[in-house]
Amino acid sequence: MSQITAEATAVDDKRPLTALDRCDSCGAQAYIRVMIGESELLFCAHHGRRHQEKLAQVATGWHDESARLAESHNV
Ligand SMILES: [Zn+2]
């Protein structure tokens, strides 16, 4: 189930997600970008996880910055 992260690290050099990137499902700040061919989807950590299983079957890249959420808890 977690194979996607290992495969997707190759495309992790894409631009980082910013506060302007919003979840396609709820509009919260996006922490996960999913590439599917030429197009990309943005998700917050919550929806990224929720859709991960289905998206992993079609995704060509996976950029996950949700680890930054845990760090920001210290602020
Ligand atoms: Zn969301």
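Taken over segment 7-37, the criterion of being modelled with pLDDT under 95 and among the basic types (Lys, Arg) is satisfied by LYS14, ARG15. Filtering segment 33-75 to residues that are more than 13 Å from the chain's Cα centre (by Cα) and within 20 Å of PRO16 (Cβ to Cβ) leaves SER39, ALA70, GLU71, SER72, HIS73, ASN74, VAL75.
Among the residues of segment 19-75, the ones that are loosely packed, with under 13 Cβ neighbours inside 10 Å, in a strand (DSSP E or B) and not small (Gly, Ala, Ser) come to 1 in all.
The values are calculated or read from the model by the stated rules, or taken from the named source; none is laboratory data. These figures come from a predicted structure and were not determined experimentally. Ideal geometry is used to build each Cβ from the backbone, glycine not excepted, and the neighbour counts take in all protein chains shown.
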